[in-house]
Amino acid sequence: MTLATTEPNPLLEVTDLRTHFYTEEGELRAVNGVSFALARGRTLALVGESGCGKSVTAQSVLRLIQPPGRIVGGSVRLHRGPGEPPLEVLEERESSPALFELRGGRAALIFQEATAALSPVHTIGTQILEASRTHQKLSKKEATQLALDMLERVGIQDPALCLRQYPHELSGGMRQRAVIAMALVSNPELVIADEPTTALDVTIQAQVLSLLKSLQQKLNLAILLITHDLGVVAQMADEVVVMYLGRVVERGPVRGILKKPRHPYTIGLLESLPSLTPIGKRLPSIRGSVPALSDIPPGCPFHTRCTYAVAGRCNVGAPPPLEAFSAPGAPSEERFVACWRTREVALERLMQRPAEVAPSEPPPLARPLEDHSERVTQTAVPPAVGLVRPGADLSAGLPATVGVAAADGLGPDPRGTAAGTLVLDERPEDKLAADRTEAEWFDGSDVQSVRESDEDEEPRS
Ligand SMILES: Nc1ncnc2c1ncn2[C@@H]1O[C@H](COP(=O)(O)OP(=O)(O)O)[C@@H](O)[C@H]1O
Ligand code: SF4
Ligand SMILES: [Mg+2]
């Protein structure tokens with residue numbers, strides 16, 4: 001069992017959660033000892049390939065598992081106000097008012113398919129009003145006003161018209177906005193969003209994500225985000241939990257995970273991103289596919305696909321436990337990794353780096369900004385960290401894997417390929433230059449998602 005959290009004041013604490021399915025193929029351990037924690041105002045992303053147990057984890061948090069599934073162990077704790085005992089979700093009776101209050105009240109669920117969440121035979125208004133009045137004592141008039149306000153908040157142009165419409169009369173993006181409005185009218189503290197944008201076009205997806213983010217800030221929501229898309233993770237998450245075959249294999253802050261993945265599975269997921277692969281080169285992927293839960297390999301469950309696996313060590317015995325890992329020189333990494341060879345993997349990756357990657361002298365681009373108002377923050381994934389003066393000469397001395405996004409004032413990428421993005425940060429350049437370990441770890445990660453800059457974000461209400 002691993003500690004649930006490094007979060008000081010979590011709203012949700014999941015500890016050693018186990019959910020199994022009892023099928024003809026045997027006992028399938030879909031969720032097998034998962035622990036994490038999530039605080040108000042924060043987003044935790046559960047990531048992993050299809051079938052890794054993300055959705056079952058989320059459903060278990062709300063105790064929505066149906067036979068042949070059963071939650072067989074662990075705890076799910078939802079904290080309340082100061083001095084109040086937390087809600088122990090797994091210990092409540094099925095008919096308890098606290099559980100009723102949790103589902104659709106304190107916690108809201110947003111699914112991938114908006115159509116699945118909406119009844120085709122009722123208007124949006126009827127459905128939103130029902131959602132709000134189930135958990136709050138509201139008159140019809142108050143509930144209607146709340147629905148109108150919420151529809152406006154989620155960016156529906158004509159809320160009054162939308163209330164009268166049926167789901168099929170709305171576009172996919174509008175439907176997902178309506179579902180988000182429906183999820184939020186009950187004033188939840190926790191939103192569980194299971195692949196909320198997977199079914200949407202890329203542009204609509206970006207709008208819905210940015211909507212969720214701004215609503216989170218205004219309402220101080222804790223978001224448990226389930227996704228297989230690392231671009232979405234980069235844009236949304238504060239903390240990342242990587243799952244493989246029902247287990248957590250890596251957990252840590254988003255910047256660290258995307259910049260320096262430590263578990264070979266996370267490394268594989270990141271390396272499979274199209275944006276990291278030069279045009280014309282074959283897209284790397286993790287070899288093989290996720291084994292069936294009825295046929296979990298012995299030893300480390302990932303060993304059949306792992307390029308770092310060592311026979312006799314990785315393919316025998318018990319799976320590696322999730323343990324705190326800190327790299328030399330980076331004690332505050334706050335990383336948990338389930339791999340017998342985390343240190344060796346880190347070293348091997350360091351040795352594999354092309355010679356030209358390690359800059360022999362301080363990169364000339366890394367000069368401090370005198371005026372921080374010109375800070376062009378921030379890409380979601382930081383393959384490089386440094387400060388740059390808008391208009392600075394970026395034509396020499398770049399580590400090979402670091403590219404520069406063509407952001408206002410920065411000028412174009414000097415090598416014409418934005419394999420990475422220079423992330424502007426408050427770190428002084430001398431630290432950047434002096435810290436060789438750090439410099440050598442400029443991995444060049446996914447840069448497709450761009451977070452709004454701090455300056456652009458609306459203040460919390
Ligand atoms: N109703 C079910 N009956 C049997 N097995 C199930 C059921 N739901 C999920 N599982 C098992 O749990 C695994 C994890 O499912 P899920 O959490 O939905 O994966 P994902 O990570 O794609 O969200 C599945 O691969 C499947 O083996
Ligand atoms: S324990 Fe071995 S097989 Fe598993 S991830 Fe680590 S190196 Fe790969
Ligand atoms: Mg799923």
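The values are calculated or read from the model by the stated rules, or taken from the named source; none is laboratory data. Quantities reported herein were computed from a predicted structural model and do not represent experimental measurements. Here Cβ is always computed from backbone atoms with ideal geometry, including for glycine, and neighbour counts include all displayed protein chains.
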Qualifying position, being within 16 Å of ligand 3 (Cβ to nearest atom), at pLDDT 95 or above and not polar (S, T, N, Q), among L17, L11: L17
Top-ranked residue of segment 289-307 - restricted to ones that are more than 21 Å from E27 (Cβ to Cβ) and over 24 Å from the mean Cα position of the chain (by Cα), ranked as nearest to ligand 3 (Cβ to nearest atom): H303
Which numbered condition E49 fails, given (1) crowded, with 19+ Cβ neighbours inside 10 Å; (2) under 15 Å from the mean Cα position of the chain (by Cα); (3) not basic (K, R): (1)
Residue ID - surrounded by the most Cβ atoms within 10 Å (Cβ to Cβ), chosen from residues in segment 138-173 that are farther than 15 Å from N187 by Cα and among the acidic types (D, E): E152
Counted residues, segment 145-182 - those being in a helix (DSSP H, G or I), in contact (Cβ under 8 Å) with a residue 40 or more places away in the chain and more than 13 Å from G125 (Cα to Cα): 5
Among the candidates V14, V72, V76, residue that is within 16 Å of ligand 1 (Cβ to nearest atom), assigned to a strand (DSSP E or B), out of contact with any Phe, Trp or Tyr (no Cβ under 6 Å at 6 or more places or on another chain) and touching a residue at least 60 places away in the same chain (Cβ under 8 Å): V76
Residue check, T6 more than 16 Å from ligand 2 (Cβ to nearest atom), of a type in the set (S, T, Y), more than 19 Å from I296 (Cα to Cα) and at pLDDT 95 or above: no
Residue match in segment 212-234 (condition: of a type in the set (G, A, S) and within 16 Å of ligand 1 (Cβ to nearest atom)): no
Members of segment 134-144 that are hydroxyl-bearing (S, T, Y) and assigned to a helix (DSSP H, G or I): T134, T144
Residues of segment 174-218 satisfying the condition of being surrounded by fewer than 16 Cβ atoms within 10 Å (Cβ to Cβ) and acidic (D, E): D201
Single residue of V249, V254, V242 found to be surrounded by 16 or more Cβ atoms within 10 Å (Cβ to Cβ) and within 16 Å of ligand 3 (Cβ to nearest atom): V242
Candidates R153, R175, R133, filtered to the one that is of a type in the set (D, E, K, R), closer than 20 Å to G41 by Cα and at pLDDT below 95: R153
